[in-house]
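Student: Quick one: this structure, given as structure tokens, is what I'll be asking you about.
The values are calculated or read from the model by the stated rules, or taken from the named source; none is laboratory data. All values reported here derive from a predicted model rather than from experimental measurement. A quick note on method: Cβ atoms are made from the backbone with ideal geometry, for glycine too, and the neighbour counts reach across all protein chains shown. Quick note on the areas: whole protein, heavy atoms, side chains included, nothing else; ligands and nucleic acids left out. Shrake-Rupley method; radii C 1.70, N 1.55, O 1.52, S 1.80 Å.
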Amino acid sequence: MENKKTRGSLIIVTGPSGAGKGTVLGKVLSELDNVYYSISATTRQPRPGETDGVNYFFLTRERFEQMVERDEFLEHAEYVGNCYGTPEKPVNDMLEKGFDVILEIEVQGALMVKAKRPDALLVFITPPSFGILEERLRGRGTEADDVVARRMSKARNECAHVDDYDYIVINDALEDAVRDLEAIIRAQRCRRGKKTVIFD
Ligand code: ADP
Ligand code: 5GP
């Protein structure tokens, strides 16, 4: 019996700012092979500890708009005053090589990708409550009070879209959330069509 590697899966992870997407994904990426995290472009300023080309490609608005004009994004959206976009070429190249590609993007972008690529899997990461979300956002200490307030109001709008998603991961105990996301990715790899099995 032969098991040939096929094209990877496109997996979109969305969740309100502070839900713990970065924390959960960091652990999943260190534990699973053949997963590629798509590096987005953004016009927002880097946070302390963030590196250009690792966390994001930090671009001027002019450069970002140039990429939009050249149709270099799979999707792009505005979020709390800044632009974010997914460069399309690396996503396609890595899928072709058989990697599962993770896009960590907000709701509008996620729905745009789903419309273009209906086989994309949509995963929503939520905090256990809005109270805990605010505690985590403030605890991270990376945003000013007015930005925290805008991100909290955005969070309520985003959570209203949860029914558009295939899977929901509640990030209460971190280890459980990591295990759930890993299980989703592993289950996707077992789908018929993702494996070419030749019985001889
Ligand atoms: P996001 O990427 O969704 O904006 P982060 O991964 O930056 O969120 O997490 C926001 C804050 O919450 C960070 O300070 C992080 O350490 C903390 N955090 C993440 N997951 C948990 C969890 N399960 N329990 C407690 N704190 C968490
Ligand atoms: P942050 O500023 O906290 O890093 O990200 C803000 C929001 O933008 C998060 O919800 C994050 O998932 C989303 N985001 C990051 N990159 C992209 C992207 O390329 N496209 C879209 N649509 N959203 C993104």
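Student: Right, I198: surrounded by fewer than 19 Cβ atoms within 10 Å (Cβ to Cβ), away from ligand 1 (no atom under 11 Å from the Cβ) and farther than 29 Å from A41 by Cβ or not? Walk me through it before giving the result.
Tutor: On the way: surrounded by fewer than 19 Cβ atoms within 10 Å (Cβ to Cβ): yes; away from ligand 1 (no atom under 11 Å from the Cβ): yes; farther than 29 Å from A41 by Cβ: yes.
The answer is yes for I198.
Student: Please verify whether segment 146-162 includes one or more residues that are at pLDDT 95 or above, open to solvent by 60 Å² or more (accessible area, probe 1.4 Å) and among the basic types (K, R).
Tutor: no
Student: Hey, among the residues in segment 1-17 that are within 8 Å of ligand 2 (Cβ to nearest atom) and modelled with pLDDT under 95, which one's surrounded by the fewest Cβ atoms within 10 Å (Cβ to Cβ)?
Tutor: Looking at residues that are within 8 Å of ligand 2 (Cβ to nearest atom) and modelled with pLDDT under 95, I get S17.
Student: When you check N55 against the structure, is it away from ligand 1 (no atom under 16 Å from the Cβ) and either of a type in the set (F, W, Y) or open to solvent by 20 Å² or more (accessible area, probe 1.4 Å) (or both), yes or no?
Tutor: Numbers: away from ligand 1 (no atom under 16 Å from the Cβ): no; either of a type in the set (F, W, Y) or open to solvent by 20 Å² or more (accessible area, probe 1.4 Å) (or both): yes.
Spelling it out, it is not the case that N55 is away from ligand 1 (no atom under 16 Å from the Cβ) and either of a type in the set (F, W, Y) or open to solvent by 20 Å² or more (accessible area, probe 1.4 Å) (or both).
Student: Filter segment 107-134 down to the residues that are in contact with a Lys or Arg (Cβ under 8 Å, 6 or more places away or on another chain) and crowded, with 17+ Cβ neighbours inside 10 Å, then identify the one that is farthest from R179 (Cα to Cα). It would help to see each step written out before you state the result.
Tutor: Our first condition is that a residue be in contact with a Lys or Arg (Cβ under 8 Å, 6 or more places away or on another chain); within segment 107-134, this holds for 120, 122, 125, 127, 130.
Checking the rest, the ones that are also crowded, with 17+ Cβ neighbours inside 10 Å come to 120, 122, 125, 127.
Working: A120: 21, L122: 17, I125: 13, P127: 16 Å.
The residue in question is A120.
Student: Any idea which of V28, V80 is surrounded by 20 or more Cβ atoms within 10 Å (Cβ to Cβ) and closer than 29 Å to N157 by Cβ?
Tutor: Selected residue: V28, the only one of V28, V80 that is surrounded by 20 or more Cβ atoms within 10 Å (Cβ to Cβ) and closer than 29 Å to N157 by Cβ.
Student: From the set of residues in segment 31-49 that are touching a residue at least 24 places away in the same chain (Cβ under 8 Å) and open to solvent by 30 Å² or more (accessible area, probe 1.4 Å), which is nearest to A77 (Cα to Cα)?
Tutor: Filtering segment 31-49 for residues touching a residue at least 24 places away in the same chain (Cβ under 8 Å) gives 31-32, 34-44, 47-48.
Keeping just the survivors that are open to solvent by 30 Å² or more (accessible area, probe 1.4 Å) gives 31, 34, 36-37, 39, 47-48.
Working: E31: 30, N34: 27, Y36: 21, Y37: 18, I39: 15, R47: 20, P48: 23 Å.
By that ranking, first place goes to I39.
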